[in-house]
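See below for the structure under consideration.
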Amino acid sequence: MGEVVKRAYKYRFYPTPGQADQLNRTFGCVRKVYNLALEARTRAWAVDRQRSTYVQSSAWLTEWKRTEELAFLNEVSSAPLQQALRHLQAGFAAFWDKRSRYPRFKSKRKSRASAEYTRSAFRWRDGQLTLAKMDAPLTIVWSRPLPGGAEPSTVTVSRDAAGRWFVSLLVNDPTVKALPPLYTVVGVDAGITSLLTLSTGEKITNPRHERADRRKLAKAQRDLSRKGKDSANRAKARLAVARIHARIADRRRDHLHKLSTRLVRENQTVVIEDLSVRNMLRNHSLARAISDAAWTHLRGMIEYKAAWYGRTVIAVDRWYPSTKTCSACGRINTAMALGVRVWTCPGCDAVHDRDVNAACNILAAGLAER
């Protein structure tokens, strides 16, 4: 691999009350600037049919800071505010290229509380990180070391719904290098009973992280529903629900990281289905199980790790009948209910496990596309 990979290292940290107050104000200002810029750009298009740019929105930010109503924007570092405008510009670029929907306003309760600091807005010295407008470095829990000599290019600070604080350091990571080439290839069929079924015949169990904590989560949500609106007890109950969700998400993410790393390390080519998870979630009978499986997150991990380590990922068309096609003779069995797990091909009498057969067909279709 010729180029050095940029990699984000994420850590928990524990801010002082003063740091927490400064960061919370920064999160609010970032959200405010993003929404103001989105409103102004939308109005400019609706009235004058003009596409506004990042440069124009940056000039608007300067004007907003001079007003009495928005003077509080001067109390936080300007770098996260400028980064919010850049993120909005990226959102519009994706919309114009028809890669995403029109940018939406950020909600105080639902949007991610985060702020991104560029190199001019933080000091990195002797392994200690000090953000702009702060006198003391952050107290970071270094759960794993940064690469030797690494210098962060950007720093993203965030607070999740469970009240945990995180800092993500983007660095050049020379330790990520292409792995030795292999001759092994694998087809992957995503499922619910088994999270993944491989063309080798192996089935990877679905941990069903959400189901494991479902009763505890339901009780916490019932407690939340009984609390008075905007009361201190409701805030505590909301935090309890958020902590259960965070625990579920952490376990799921850890499992997907280990699984994706294994698939990429053990195979030169990984063939997957190009699933439309958003459409599949419309099936209300399966939506909860599909969300818990997190196939989209797993695919994203496989793809970026394959790019890191010199592997190949092939996505097979979602309309390819991998389940109904006999991997032995190629005949398509048009009638097959979802509950049928083992079936016999009418053409060649081959007996197939539904998921293993699909994984074999996915592998064959992917290799045929190369």
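Fully extending the segment from Asp254 to Glu369, taken as 0.36 nm per residue of separation minus the present Cα-Cα distance, adds 38.2 nm.
When each of the peptides 19-32, 108-121, 271-284 is scored by how many other beta carbons lie within 10 Å of its residues on average, the order from highest to lowest is 19-32, 108-121, 271-284. For the chain, the relative contact order comes to 17 percent (Cα pairs under 8 Å, sequence separation of at least 6).
The aspartates and glutamates within cross-link reach of Lys324, meaning a Cα-to-Cα straight distance under 20 Å and a gap of 8 or more places when in the same chain, are Asp189, Glu202, Glu273, Asp274, Asp349, Asp353, Asp355, Glu369. Remark: the Val351-Ser231 segment gains 37.1 nm on full extension, using 0.36 nm per residue and subtracting the alpha carbon distance. Orientation-averaged projection of the chain equals 23.8 nm² [convex hull of Cα atoms, one quarter of hull surface area].
Exposure proxy shown here: for Trp165, Trp45, Trp319, Trp308, the number of other Cβ atoms within 10 Å sets the order, fewest to most, as Trp319, Trp45, Trp308, Trp165. Under a cut-off of 30 Å between alpha-carbon atoms, report the lysines in cross-link reach of Lys219, not counting same-chain residues fewer than 8 places apart. Output for Lys219: Lys106, Lys108, Lys110, Lys227, Lys229, Lys236. Between Val33, Val55, Val155, the Gaussian network model of the chain with springs among Cα atoms under 10 angstrom shows the greatest mean-square fluctuation at Val55. Looking at the chain alone, DSSP beta bridges between its own residues are antiparallel in about 80 percent of cases.
In this simple spin-label model, placing a label point 7 Å from the Cα along the Cα-to-Cβ direction at both Ser100 and Thr205 gives a separation of 3.8 nm. Just from its helices, what would the mean residue ellipticity at 222 nm be for the chain, if runs of 4 or more DSSP H residues each count -39500 (n - 2.57) and the sum is divided by every residue, rounded to the nearest 500 deg cm²/dmol? After summing the helix terms and dividing by the residues of the chain, the value is -14000 deg cm²/dmol.
All other residues whose Cβ lies under 10 angstrom from that of Asp353 are scored, Lys and Arg at +1 and Asp and Glu at -1, for a net of +2.
Every number in this text was worked out from the coordinates using simple rules, so none of it is lab data. Everything numeric in this text was worked out from a predicted model, so none of it was measured. Cβ sites come from the backbone with ideal geometry, for glycine too, and all protein chains shown count toward neighbours.
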